[in-house]
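Step one of this worksheet: look at the structure below.
The values are calculated or read from the model by the stated rules, or taken from the named source; none is laboratory data. Only a predicted model underlies this, so the values are computations on that prediction, with no experimental measurement involved. Glycine also receives a Cβ, built like all others from the backbone with ideal geometry; neighbour counts cover every protein chain displayed.
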Amino acid sequence: MMDDLPEYGSVDLELNGEAYFAVRQGTMVYIYRNSCPHLGLRLNLMPDQFLDYDKRYIQCTSHGALFKIDTGFCIAGPCPNQSLEALPCKVENGEVLLEKL
């Protein structure tokens, strides 16, 4: 449910035994694999903490890489021109639906 996601926040997810996370920005939801393209490490150290202080970017806590929330594209840090692996989803009638898994 969309209401289970904090507005302008993030949450850990486990899907088919794999680590993912979801970020909500207003009415939009983005889901990414919890793996930094730099070294493959998980992006967060604390549960549900994937965003920078201002909640403008996804931040890797290991090396400080910053990723655009809507595209997963790295804009700063040790993985330039790389992106997080997105899991396509859409919101319909307040439900977050995966387009594929």
So, L39, is that one part of a loop (DSSP other than H, G, I, E, B), modelled with pLDDT of 95 or more and among the hydrophobic types (A, V, I, L, M, F, W, C) or not? no
Here is a list of conditions, (1) over 15 Å from the mean Cα position of the chain (by Cα); (2) in a loop (DSSP other than H, G, I, E, B); (3) of a type outside the set (F, W, Y); (4) within 17 Å of G9 (Cβ to Cβ), and K55 meets all of them except one; can you say which number that is? (1)
Scanning segment 26-40 residue by residue, the ones that are surrounded by 13 or more Cβ atoms within 10 Å (Cβ to Cβ) and either within 19 Å of A76 (Cβ to Cβ) or free of Cβ contacts under 8 Å to residues at least 24 places away in the same chain (or both) total 7
